[in-house]
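The structure appears right after this line, and notes come after that.
The values are calculated or read from the model by the stated rules, or taken from the named source; none is laboratory data. Everything quoted here is computed from the prediction, not taken from an experiment. Here Cβ is always computed from backbone atoms with ideal geometry, including for glycine, and neighbour counts include all displayed protein chains. Each accessible area value is taken on the protein alone, full model and side chains, heavy atoms only, with ligands, DNA and RNA left out. Shrake-Rupley method; radii C 1.70, N 1.55, O 1.52, S 1.80 Å.
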Protein chains: 2
Amino acid sequence: MSENKIPYKIYLEEAEMPKSWYNLRADMKNKPAPLLNPGTGKPLTAEELSPIFCEELVKQELDETTAYIDIPGEIRDFYKMYRPSPLVRAYCLEKKLDTPAKIYYKFEGNNTSGSHKLNSAIAQAYYAKKQGLKGVTTETGAGQWGTALSMACSYFDLDCKVYMVKVSYEQKPFRREVMRTYGASVVPSPSESTEIGRKILAEHPGTTGSLGCAISEAVEVATKNPGYRYVLGSVLNQVLLHQSVIGLETKTALDKYGIRPDMIIGCAGGGSNLGGLIAPFMGEKLRGEADYRIIAVEPASCPSFTRGRFAYDFCDTGMICPLAKMYTLGSSFIPSANHAGGLRFHGMSSTLSQLYHDGLMEAVSVEQTEVFEAAEQFARVEGILPAPESSHAIRVAINEALKCKETGEEKTIVFGLTGTGYFDLVAYEKFNNGEMSDEIPTDEQIAESLARLPQI
Amino acid sequence: MSENKIPYKIYLEEAEMPKSWYNLRADMKNKPAPLLNPGTGKPLTAEELSPIFCEELVKQELDETTAYIDIPGEIRDFYKMYRPSPLVRAYCLEKKLDTPAKIYYKFEGNNTSGSHKLNSAIAQAYYAKKQGLKGVTTETGAGQWGTALSMACSYFDLDCKVYMVKVSYEQKPFRREVMRTYGASVVPSPSESTEIGRKILAEHPGTTGSLGCAISEAVEVATKNPGYRYVLGSVLNQVLLHQSVIGLETKTALDKYGIRPDMIIGCAGGGSNLGGLIAPFMGEKLRGEADYRIIAVEPASCPSFTRGRFAYDFCDTGMICPLAKMYTLGSSFIPSANHAGGLRFHGMSSTLSQLYHDGLMEAVSVEQTEVFEAAEQFARVEGILPAPESSHAIRVAINEALKCKETGEEKTIVFGLTGTGYFDLVAYEKFNNGEMSDEIPTDEQIAESLARLPQI
């Protein structure tokens, strides 16, 4: 099809939407290392995982061989409420940059949760409901995941308890109110409501919390209350599986117009968006059918890929969660308080960690001032106010497009625009006032938290 | 086409998108009364209007006969960045209400300005640019219009000065920051930067401002600075013209699936959304080709249709703007401070006022607590967090659907979901905490402001 036939936004028809998720692990020669029981040091069994996670999700978590897993009809019905998400040709950005590169972005922000997180939230809520549970618990940092989960739970009439990192709870009252509007109960973490919370508060009386600590609290509550399970919005294999809907839609849209990307760029915190976006492309790469540059972008203030170690580590501060083998900065690592937005988890999805370790993808880190510069430039020409997280990918997409301008190459760049920045305007205000700064961890800081890695 | 073929969301193809706006006045037997010069009491000429508005917009403002006006290619290109907006079948809401009614909503919130206001903002910015102007001035209350205009001006590289009602400037810092991110300068109104602002501040030292006062300031700055014009986001004929894109898309989408609505419901402040949504349907009604119930929904705290007078009045507090014949509560009317969100203008579009006066549409007023109840119910099943403004239409759509449940009638309801509520979470918080109250003006309050109507 000739290029001038490519619309600004490519929407798939309902009939073209994915009916299965794609399980990237099935095509990996080197499988991601299994989750370990921190007590025994042995791989966790389905039995051991079921007090924490829903049964069906445990199956998905452990399934390394089934390439395609059917998306249940109820989830596909919900997906129809906000999917397909558009794949947008960034004509205006290209023109502004005066680049021969062709830039596309997959925009996941057009739903009330404001991000891609809803793709997995609805799946996890569905399986919880199907199992006859009363409710689920989770943690949230910047609030995207908590919002998505509260929407999903409201849809299936499930109780939803969100442990929200205290600093976000106080600084992001609006996120909190969205969750409450959807009927969730939101608790600032650390809280007095859990053993681990009381312990952390006793040890660090003034703490404003961390994601790792909120995870510990949510897991404790889920395992101690009958009829409850814990759900997590990133890092896990099951989450990457659900998020593959992003990449599958992207690939179908590109194929429809005969477009072959040269590189695929995504921001990476725990890896949920990146893992979902790249899934079918990485699949082709693993099967030797095609080659793409795949670039993970992380914040310089939380650089697990670029400065972390590939090792077994806890997923939480309280050290009650399973051990995962991943690129990690150590579970005691907390990014500088001046870091805006999400992407603040100390580790990275095991699957993506293995792929990175095997040289199948690249990683780059960027500082937040240059990220907000890219965000502003993008917003002004493309209309959408991007989330700080997503703007990491924008930054690198712009950098790559500018390289094309120098070399004259007409490369095709696809990046993931994971969400909108409506709840991040405190950070934008800082940037608008010229008060934003960059603070990256010293080698000593990273060495210190890595020194506390569990001895496996 | 059979009903089960109707998708959740109907998106038009690029080729199906409107190429002209529809000028409802062309089909009105009783034309809306002309704008009057407040000095002479005579209809304003194009010459008198051009120091305030762009030339092309003056032409559109005064044109009562051309039914279809081409949408310039540059505007259609911009429209493609966020249009077509989806027409959504509210399957989940219908199920929740257990109603035989079929409910559709046209969702205009999927752009960074968060509302339909962008449809006219981009048109007005385009004509300003085409005329070679340096910039435009405007006012904003809740902030939707100011945000939309700052996006449009950033796209065409125009200077944008926004007078923001002081109470919103202080209570909605995030809206302010979105505008600044798009490069607009935002001034709290009343300000010391204008004559009228200084006068109002001298007379009412502690005032937190009003829309009418911000309009006066913006008009003063536009007329005193060479290369600037004033733009307005509602009330005017030109704005209804641009907003007709909403109704045209809606009608095309309905026609595509052979759907005939029984009633069309929209919230009404100045009338921009309602006038746009109903345009082609009202056109059919005026030409005797079809009949629809058309329902304007206004807040009980600012009830211009239901409790105002059909008379000539000023559009602004400073009384420097033209006089418009409209349903009005008097230009000195200010809704109770506890009123959340927009829809707080004292008057109503002349065109809609004439249609209402001629019995061609209905109007109903609703109180804000019941509006937020509808908003919450809608959010929980349909996923979208609606703006308080839009939730007025949701309230009445739900009421009508519940009537159908009683009578067993399978009516088809279409309503306008004008925007999202991400910047209205202070109001949602009040509602979530059970602290929201209703405060409607007394007969005496309305009589008092009506007593000050100009003697025409």
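Quick one: would you say B:VAL187 is without any contact (Cβ under 8 Å) to a residue 40 or more places away in the chain, more than 14 Å from every other protein chain (Cβ to nearest Cβ), crowded, with 22+ Cβ neighbours inside 10 Å and not in a helix (DSSP H, G or I)?
yes
Is it the case, given these coordinates, that A:ALA152 is touching a Ser or Thr at 6+ places or on another chain (Cβ under 8 Å), under 23 Å from A:SER390 (Cα atoms), outside any loop (DSSP other than H, G, I, E, B) and among the hydrophobic types (A, V, I, L, M, F, W, C)?
It is false that A:ALA152 is touching a Ser or Thr at 6+ places or on another chain (Cβ under 8 Å), under 23 Å from A:SER390 (Cα atoms), outside any loop (DSSP other than H, G, I, E, B) and among the hydrophobic types (A, V, I, L, M, F, W, C).
Which helices (runs of 4 or more DSSP H) does segment B:343-440 wholly contain that include 1 or more residues that are more than 25 Å from B:MET326 (Cα to Cα)?
Passing ranges, in order: B:368-382, B:388-407, B:425-432.
For every residue, the table says whether it meets (1) free of Cβ contacts under 8 Å to residues at least 40 places away in the same chain; (2) touching a strand residue (DSSP E or B) at 6+ places or on another chain (Cβ under 9 Å); (3) away from chain B (no Cβ under 14 Å); (4) under 29 Å from B:VAL186 (Cα atoms).
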| site | (1), (2), (3), (4) |
| --- | --- |
| A:ALA363 | no, yes, yes, no |
| A:GLU376 | no, no, no, yes |
| A:ALA401 | no, yes, yes, no |
| A:THR412 | no, yes, yes, no |
| A:PHE415 | no, yes, yes, no |
| A:GLU435 | yes, no, no, yes |
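Restricting to segment B:333-350, name every residue that is open to solvent by 30 Å² or more (accessible area, probe 1.4 Å) and closer than 16 Å to B:THR140 by Cα.
B:ILE334, B:ARG344
All but one of (1) within 21 Å of A:ASP27 (Cα to Cα); (2) crowded, with 24+ Cβ neighbours inside 10 Å hold for A:PRO261; state the number of the condition that does not hold.
(2)
Under the condition of being at pLDDT below 95 and within 14 Å of another protein chain (Cβ to nearest Cβ), which residue from segment B:118-146 is least open to solvent (accessible area, probe 1.4 Å)?
My answer is B:GLY143.
If only one of B:ARG229, B:ARG198 is in a helix (DSSP H, G or I), more than 14 Å from chain A (Cβ to nearest Cβ) and open to solvent by 40 Å² or more (accessible area, probe 1.4 Å), which one is it?
After applying the criteria, what remains is B:ARG198.
So that you can scan it fast, the table gives a plain yes or no per residue for (1) assigned by TED's automatic domain parsing to the domain that holds A:ILE334; (2) open to solvent by 10 Å² or more (accessible area, probe 1.4 Å); (3) in a helix (DSSP H, G or I); (4) of a type outside the set (Val, Ile, Thr):
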site: A:LYS251; (1), (2), (3), (4): yes, yes, yes, yes
site: A:ASN273; (1), (2), (3), (4): yes, no, yes, yes
site: A:GLU284; (1), (2), (3), (4): yes, yes, yes, yes
site: A:GLY288; (1), (2), (3), (4): yes, yes, no, yes
site: A:ASP291; (1), (2), (3), (4): yes, yes, no, yes
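Given the structure, is A:PHE314 aromatic (Phe, Trp, Tyr), under 30 Å from A:MET436 (Cα atoms) and either touching a residue at least 40 places away in the same chain (Cβ under 8 Å) or in the same structural domain as A:LEU62 (by TED's automatic domain parsing) (or both)? First the steps, then the outcome.
Working: aromatic (Phe, Trp, Tyr): yes; under 30 Å from A:MET436 (Cα atoms): no; either touching a residue at least 40 places away in the same chain (Cβ under 8 Å) or in the same structural domain as A:LEU62 (by TED's automatic domain parsing) (or both): yes.
It is false that A:PHE314 is aromatic (Phe, Trp, Tyr), under 30 Å from A:MET436 (Cα atoms) and either touching a residue at least 40 places away in the same chain (Cβ under 8 Å) or in the same structural domain as A:LEU62 (by TED's automatic domain parsing) (or both).
Tally up the residues in segment A:31-54 that are buried (at least 16 other Cβ atoms within 10 Å of the Cβ) and of a type in the set (Asp, Glu), please. Break it down into steps so the answer makes sense when it comes.
If we filter segment A:31-54 for residues that are buried (at least 16 other Cβ atoms within 10 Å of the Cβ), which is where we start, we get A:32-36, A:38, A:44, A:48-49, A:52-54.
Next, from what is left, pick out any that are of a type in the set (Asp, Glu): A:48.
Number of matching residues: 1.
Quick one: which of B:LEU149, B:LEU158 is open to solvent by less than 40 Å² (accessible area, probe 1.4 Å), on the phi < 0 side of the Ramachandran plot, free of Cβ contacts under 8 Å to residues at least 40 places away in the same chain and within 14 Å of chain A (Cβ to nearest Cβ)?
That would be B:LEU158, the only listed residue that is open to solvent by less than 40 Å² (accessible area, probe 1.4 Å), on the phi < 0 side of the Ramachandran plot, free of Cβ contacts under 8 Å to residues at least 40 places away in the same chain and within 14 Å of chain A (Cβ to nearest Cβ).
Do you know which of the residues in segment B:85-97 that are touching a helix residue (DSSP H, G or I) at 6+ places or on another chain (Cβ under 6 Å) and either open to solvent by 10 Å² or more (accessible area, probe 1.4 Å) or away from every other protein chain (no Cβ under 12 Å) (or both) is modelled with the lowest pLDDT?
Filtering first and then ranking leaves B:CYS92.
Only one of (1) out of contact with any helix residue (DSSP H, G or I) (no Cβ under 8 Å at 6 or more places or on another chain); (2) modelled with pLDDT under 95 fails for B:GLN171. Which number is that?
Result: B:GLN171 passes all but (1).
For segment B:166-180, which residues satisfy the criterion of being free of Cβ contacts under 8 Å to residues at least 60 places away in the same chain and open to solvent by less than 10 Å² (accessible area, probe 1.4 Å)?
B:GLU177, B:MET179
Kindly evaluate B:ASP443 against the criterion of being among the acidic types (Asp, Glu), buried (at least 24 other Cβ atoms within 10 Å of the Cβ) and assigned by TED's automatic domain parsing to the domain that holds B:ILE334.
Spelling it out, it is not the case that B:ASP443 is among the acidic types (Asp, Glu), buried (at least 24 other Cβ atoms within 10 Å of the Cβ) and assigned by TED's automatic domain parsing to the domain that holds B:ILE334.
Could you please give the count of residues in segment A:280-324 that are within 30 Å of A:PHE372 (Cα to Cα) and in contact with a Pro (Cβ under 8 Å, 6 or more places away or on another chain)?
Summing the residues that are within 30 Å of A:PHE372 (Cα to Cα) and in contact with a Pro (Cβ under 8 Å, 6 or more places away or on another chain) in segment A:280-324 gives 8.
Here are some conditions: (1) assigned to a helix (DSSP H, G or I); (2) farther than 18 Å from A:SER115 by Cβ; (3) charged (D, E, K, R). A:ARG260 meets all but one. Which one does it not meet?
Of (1) assigned to a helix (DSSP H, G or I); (2) farther than 18 Å from A:SER115 by Cβ; (3) charged (D, E, K, R), only one is false for A:ARG260: (1).
For the condition at pLDDT 95 or above, of a type in the set (Lys, Arg) and more than 30 Å from A:ALA397 (Cα to Cα), what is the one hit in A:LYS102, A:LYS31, A:LYS59?
None of the other options fit; the residue is A:LYS59.
Of the conditions (1) touching an Asp or Glu at 6+ places or on another chain (Cβ under 6 Å); (2) within 14 Å of chain B (Cβ to nearest Cβ), A:GLU170 fails just one. Which one is it?
Every listed condition holds for A:GLU170 apart from (1).
For segment A:311-342, which residues satisfy the criterion of being assigned to a loop (DSSP other than H, G, I, E, B) and within 22 Å of A:THR223 (Cα to Cα)?
A:CYS315, A:ASP316, A:THR317, A:GLY318, A:MET319, A:ILE320, A:CYS321, A:PRO322, A:SER331
What's the number of the condition B:CYS302 fails, among (1) assigned to a loop (DSSP other than H, G, I, E, B); (2) more than 30 Å from B:GLY132 (Cα to Cα); (3) open to solvent by 10 Å² or more (accessible area, probe 1.4 Å)?
Every condition holds for B:CYS302 apart from (3).
Please work out which residue is nearest to the other protein chains (Cβ to nearest Cβ), limiting yourself to segment A:100-117 and to residues that are hydrophobic (A, V, I, L, M, F, W, C) and buried (at least 24 other Cβ atoms within 10 Å of the Cβ).
For segment A:100-117, the residue satisfying everything is A:ILE103.
Looking at B:THR65, is it modelled with pLDDT under 95 and hydroxyl-bearing (Ser, Thr, Tyr)? Before you say what the answer is, go through the steps one by one.
Working: modelled with pLDDT under 95: no; hydroxyl-bearing (Ser, Thr, Tyr): yes.
No.
In segment A:363-395, what residues are surrounded by fewer than 24 Cβ atoms within 10 Å (Cβ to Cβ) and under 16 Å from A:ALA296 (Cα atoms)?
A:ALA363, A:VAL364, A:SER365, A:VAL366, A:GLU367
Could you tell me which numbered condition A:SER216 fails, if it satisfies all but one of (1) touching a strand residue (DSSP E or B) at 6+ places or on another chain (Cβ under 9 Å); (2) under 30 Å from A:ARG25 (Cβ atoms); (3) of a type outside the set (A, V, I, L, M); (4) part of a loop (DSSP other than H, G, I, E, B)?
Failing condition for A:SER216: (4).
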